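First up is the structure itself, then whatever we jot down about it.
Each reported figure results from applying straightforward, stated rules to the coordinates on display, with no laboratory input. Values in this document were obtained by computation on a predicted structure and should not be read as measured data. Ideal geometry is used to build each Cβ from the backbone, glycine not excepted, and the neighbour counts take in all protein chains shown.
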Amino acid sequence: MDNINALYAAKSKNEDIAEKIDRLSELKADIESKKQQADVIEAELLKIAQSDLSNTKYKSVKYLGTESVLRATLSENVKITLESLLPSIFGSVYNDMVKTTSKSELTAPAKRLIAGIWQGNFVSGVTIEDVIASMELNDKTAKLVSKKCKGINYSKDIDNLISITGFSEQKAEEYAYMLMEAAVWQQFKTICDVNGIETKEDFDELMKKIQAAFVVELTPKISVSEG
């Protein structure tokens with residue numbers, strides 16, 4: 001009798017395991033199917049975003065669904081093509097801007113700088129202070145903007161400008177872009193100053209080296225949130 005009970009118990013256990021295995025297989029197949037569908041839709045939306053952002057001064061675009069919001073942002077990928085030029089580009093701040101392992105790797109500030117210069121996303125002589133002054137804010141609001149918006153994180157600057165100043169999203173995007181350009185110029189000017197680069201000829205030579213030593217690829221990335 002004990003043997004029969006043990007046999008039934010083993011059979012019941014095996015059936016339970018088999019059910020779980022079958023259910024897991026079904027769920028995984030369903031997940032894979034849905035992931036493939038999501039990948040196709042995402043690829044279609046990325047193409048639309050890339051088209052809408054091309055030849056504009058914006059780095060992100062927002063689309064509204066009935067219940068969700070999608071934001072597409074251009075991601076910059078900086079690749080080193082001529083590593084031998086890096087010491088002459090960064091000069092005395094080379095160790096701060098470049099990580100050296102088996103190969104040289106740029107720090108995050110260096111990537112922002114190179115991406116900006118390489119793409120021409122800067123305006124000579126324009127600082128973050130100049131951009132904030134152009135917003136025509138009262139002193140208290142201008143100081144808060146100066147504290148929160150550094151031209152380093154485009155998306156965060158947009159959100160901060162909207163919440164602090166009450167700007168429309170489009171106006172906030174325009175100023176966030178200008179802040180980004182100003183941050184690039186300020187960092188570039190600082191590197192030039194510490195390396196004794198003062199003449200226009202030296203500026204132009206350094207920019208030529210940047211164009212030769214790097215390539216910047218733009219890839220749109222999307223995120224979806226509830227509306």
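Qualifying GluC sites (Glu not before Pro) in segment 97-155, where qualification requires a DSSP coil assignment and no more than 15 other C-beta atoms within 10 Å, comprise Glu136.
Within segment 14-104, the GluC sites (Glu not before Pro) that combine a DSSP coil assignment with at most 16 other C-beta atoms in a 10 angstrom radius are Glu67.
In summary, the chain shows an alpha-carbon radius of gyration equal to 1.52 times the 2.2 N^0.38 Å reference for compact globular proteins. How much net charge surrounds Leu82 when only other residues with a Cβ under 14 Å from its Cβ are counted (Lys, Arg +1; Asp, Glu -1)? Net charge in that neighbourhood comes out at +3.
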